[in-house]
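Report on one structure; see the data block that follows.
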Amino acid sequence: MRNTQPEGPGGIMEGLLLLWVFHVLAGVLIFFLGPLIAARLGYTFVAAWNVGFLGLCFWQLLYVVPLVRKLNRQGKTATMTGVIIGALLTALADGACYLTSTR
């Protein structure tokens, strides 16, 4: 059932912080699991980290889309908006880093 109570003013900040926590967890997974997977595929550690961190824009879809759907079902629209804003900022920053690294 949807929550019809309005969220407080911290809803958007709550969404941004929630996404930041997910980004930190994704970064830790990429940092530790990336080299293990790369070694099995024959890549260097640095190549695995580059692919992992420069591709964060796409990796974040694995946890942002389900999170947004869950927040929408719960009626937490302000928090959902914060998550979406954070995901867009991450995609823009990731795109800028990718463009500067390929020059």
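The values are calculated or read from the model by the stated rules, or taken from the named source; none is laboratory data. Note that the coordinates shown come from a computational prediction; the quantities given were computed from them, not determined experimentally. Just the protein is used for accessible areas: all its heavy atoms, side chains included, with ligands, DNA and RNA removed. Shrake-Rupley method; radii C 1.70, N 1.55, O 1.52, S 1.80 Å.
Taking the chain as a Gaussian network, where each spring joins two C-alpha atoms under 10 Å apart, which residue of T81, T44, T90 fluctuates the most?
T44
Given a 1.4 Å probe and heavy atoms of the protein chains only, how would you sort L88, L67, L33, largest accessible area at the top?
L88, L33, L67
Hey, what angle do you get for helix 77-101 against the long axis of the chain, alpha-carbon based, 0 to 90 degrees rounded to 10?
Between helix and principal axis, roughly 20 degrees.
Run the helix sum for the chain: -39,500 (n - 2.57) per DSSP H stretch of 4+ residues, divided by residue count, reported at 222 nm to the nearest 500 deg cm²/dmol.
Roughly -27500 deg cm²/dmol at 222 nm, from the helical runs in the chain.
Report the Stokes-Einstein translational diffusion coefficient (µm² s⁻¹, integer) for the chain, Rh taken as the Kirkwood radius over Cα pairs, at 20 °C with viscosity 1.002 mPa s.
144 µm²/s
Give the relative contact order (percent, whole number) for segment 4-93; include only Cα pairs under 8 Å separated by 6+ residues.
The normalised contact order for segment 4-93 reaches 47 percent.
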